[in-house]
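Here is the structure we will look at.
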Amino acid sequence: MSIPGHIPSWYSATAHPAPDHPQLRGAERADVVVLGGGITGLSTAIELAERGYSVIVLEGERVGWGASGRSGGQAIFGYGCDMSKIEAQLGRDDARKLFDWSVEGVELIAERCRKYAIDCDWRPGHAHAAIKPRQIDELKRWQDDLAGNYGYTGTELWDRARLQRDLATERYRALLFDPRSGHLHPLNYTLGLARAAQALGVRIFEGSRVESVVEGAELVFRAAHGEARGRFGVLAGNAWLSGVMPKLEAKIMPVGTYICASAPLGAQRANALIRNHMAVADINFVLDYFRLSRDHRMLFGGRVSYSKLDPPGLRARMKSRMIDVFPQLGDVAVDHVWGGYVDISMNRAPHWGRIGSNLYFAQGFSGHGIAATGLAGRVIAESIHGQSARLDIYQRIRHVDFPGGRLMRTPALVLAMLWFRIKDLRP
Ligand SMILES: Cc1cc2nc3c(=O)[nH]c(=O)nc-3n(C[C@H](O)[C@H](O)[C@H](O)COP(=O)(O)OP(=O)(O)OC[C@H]3O[C@@H](n4cnc5c(N)ncnc54)[C@H](O)[C@@H]3O)c2cc1C
C-alpha cells in the first residue's frame with residue numbers, strides 16, 4: 001500500500017500519516033510564494049516563517065512527491081562536484097566557506113529532527129567505497145584534502161580487512177568512513193518538514209501545478225484554478241519545473257536514477273550485512289549506493305537513464321547490481337523498485353541564485369541534495385531577509401546551458417556519460 005498521490009515505493013509504503021493540503025483556488029497573497037514541496041521549498045518556508053514572513057508553498061502533486069520523497073536518503077558533506085571545481089572558480093577561501101556550509105547542511109538535518117520532532121530514522125555513519133586499486137589512492141588523497149584544506153577531520157580510511165568487519169562484501173578494497181554524514185527516510189523527513197512548516201503558519205497547497213510565473217515588483221504564480229501573489233518568490237521545482245522558467249531549465253538536465261528494496265531480511269541477516277548500519281556509496285561516476293531500512297531490508301540504488309522511460313527489465317537489473325555487491329542475497333526477492341530524476345548541472349556544482357530582485361531559485365543538486373537542499377533553503381531565506389552574503393558567493397559559480405537545447409541535450413549528455421562510464425571501467 002502506498003499513500004495516495006505518491007509513486008509506489010518502499011518509502012510511500014512506510015510513510016507516516018500526513019494531512020491532505022487543499023488545492024489553490026482563487027487569489028491568495030503572502031510575503032513569499034514558494035514553488036515546490038520538496039526539501040528545498042519546505043526548508044525555505046520554515047526558515048522564512050521562523051523569521052516572521054507569511055509563506056505559501058505551491059506543490060504540483062503532493063508534498064514529497066519529487067526527488068525528496070524517493071531519494072537514496074544519504075546525507076553527505078560537499079556537493080555533486082569535487083571541491084576542486086568550486087575552488088577553481090571561487091578561490092580557496094570561498095570554496096572553504098562553501099564546504100563548511102555543506103557540513104552545516106548535514107548538521108541541519110539532526111537539528112530539525114530534534115527541534116520539530118521529525119521521526120525519519122536519521123542515523124549517522126556513511127562510507128565512500130573503492131572498487132578499483134586506483135580508487136584506494138583516490139580515497140587517500142580525498143581524506144588528506146578534506147583534513148588539510150577543508151579542516152574536515154574525523155574520517156577514517158579502512159582497508160579491506162577493517163571494512164569487512166562491518167560490511168559483508170568482497171567487492172570493495174577500501175572505505176572512507178565518515179561518522180558525521182548519515183542516512184534517513186527521505187519521505188518521512190520531507191513530510192515532517194511540511195508538518196513543521198504548517199505549525200509555523202505556512203500555507204501549503206497540493207495538486208497546484210504552477211503554469212507560469214509573472215515577474216514584477218509583485219510576483220504572480222498562476223495555477224489552473226487560482227493564483228498566488230508575493231513580494232518574493234522561490235523556484236524549488238528541481239527537475240520537474242518543465243516550462244515555467246526555460247532559462248533556468250536549460251542549465252540542468254533531468255537524469256533518471258533508481259532504487260530497489262529487498263524483501264525483509266530479518267534483523268539477524270540484515271545486521272550481518274552492514275553491522276554498523278552505515279550507508280555506503282561507491283565512487284564510480286555511475287555509482288551504487290545502499291543501506292539497511294528500519295524494517296531490515298536492503299535499499300539498493302544505482303543505474304541511470306537519460307530517457308523519460310524507465311529502462312526495460314529494471315527489477316532484474318537492480319537485483320543483479322545488488323547481487324554484485326552481496327551475492328548472499330541471491331535468494332531474496334525484490335519487493336519495491338522506483339526511480340526519479342536528479343537535476344544535474346553541466347559542472348555538477350550547485351546552481352542557486354536570484355533572477356531580478358525578488359525571484360530566487362535553487363537547483364543543480366546533481367544527485368547530492370539531501371543535505372544541500374536544507375542549506376539552500378536557509379541561504380535563500382537569509383537573502384530574502386536582507387543578508388545575501390552567502391547566496392552572493394554561490395551566485396558567483398558560473399553555469400552554462402546544456403548544448404543543443406531541449407531536444408538535443410539528451411543525446412549530448414549520453415555521449416558525455418558514455419565517456420565517464422568508460423573511465424569507470426579502468427582498473
Ligand atoms: C532516486 C533518487 C535517489 C537519490 N539519492 C540521493 C542520495 O542518496 N543522497 C543525496 O544527497 N541526494 C540524492 N538524490 C537527490 C536528492 O533527492 C535531491 O537533490 C533533492 O531531494 C531535491 O530536493 P528538491 O526539494 O530541490 O526537489 P524535489 O524533491 O524534486 O521537489 C520539487 C517539487 O517541486 C514540484 N514542482 C515542480 N514543478 C512544479 C510546478 N510547476 N508547480 C508546482 N510544483 C512543482 C514537484 O512536484 C516536486 O514535488 C536522489 C534523487 C533521486 C531521484
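Odds and ends about this structure:
Results for (1) assigned to a loop (DSSP other than H, G, I, E, B); (2) under 22 Å from E218 (Cβ atoms), shown as yes or no for each residue.
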position: V34; (1), (2): no, yes
position: G41; (1), (2): no, yes
position: A45; (1), (2): no, yes
position: L48; (1), (2): no, yes
position: G52; (1), (2): yes, yes
position: R62; (1), (2): yes, no
position: G72; (1), (2): yes, no
position: Q89; (1), (2): no, no
position: D93; (1), (2): no, no
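- Residue list for the range 133-165, filter: over 26 Å from the mean Cα position of the chain (by Cα) and in contact (Cβ under 8 Å) with a residue 60 or more places away in the chain: P133, R134, R165
- Within the range 365-405, the set of residues being at pLDDT below 95, part of a helix (DSSP H, G or I) and within 16 Å of the ligand (Cβ to nearest atom) is empty.
- Yes/no for S84 being more than 15 Å from the ligand (Cβ to nearest atom), assigned to a helix (DSSP H, G or I) and of a type in the set (S, T, N, Q): yes
- A single entry from R29, R114 fulfils the requirement of being of a type outside the set (A, V, I, L, M), over 30 Å from H399 (Cα atoms), part of a strand (DSSP E or B) and away from the ligand (no atom under 15 Å from the Cβ): R29.
- Among all positions in the range 56-75, there is at least one residue which is more than 6 Å from the ligand (Cβ to nearest atom) and over 18 Å from the mean Cα position of the chain (by Cα).
- From S262, S345, S320, S293, residue being farther than 21 Å from A15 by Cα, among the hydroxyl-bearing types (S, T, Y) and away from the ligand (no atom under 13 Å from the Cβ): S320
- Search result, residues across the range 268-279 that are away from the ligand (no atom under 16 Å from the Cβ) and either over 15 Å from L167 (Cα atoms) or assigned to a loop (DSSP other than H, G, I, E, B) (or both): R275, N276
- Picking from residues in the range 49-61 that are touching a residue at least 60 places away in the same chain (Cβ under 8 Å) and surrounded by fewer than 24 Cβ atoms within 10 Å (Cβ to Cβ), the one that is nearest to S242 (Cα to Cα) is G60.
- Taken together, A228, A279 contain a single residue that is surrounded by 16 or more Cβ atoms within 10 Å (Cβ to Cβ), touching a residue at least 12 places away in the same chain (Cβ under 8 Å) and over 17 Å from the mean Cα position of the chain (by Cα), which is A228.
- Cβ separations smaller than 6 Å between residues 6+ apart or across chains give the following pairs from the range 30-44 residues that are more than 14 Å from R209 (Cβ to Cβ) to residues that are β-branched (V, I, T) and near the ligand (Cβ under 6 Å from one of its atoms): I39/T373; T40/T373.
- Only one of the numbered conditions (1) surrounded by fewer than 18 Cβ atoms within 10 Å (Cβ to Cβ); (2) away from the ligand (no atom under 15 Å from the Cβ); (3) modelled with pLDDT of 95 or more is violated by T14, and that is (1).
The values are calculated or read from the model by the stated rules, or taken from the named source; none is laboratory data. Please read all numbers here as calculations on a predicted model, not as lab measurements. Ideal geometry is used to build each Cβ from the backbone, glycine not excepted, and the neighbour counts take in all protein chains shown.
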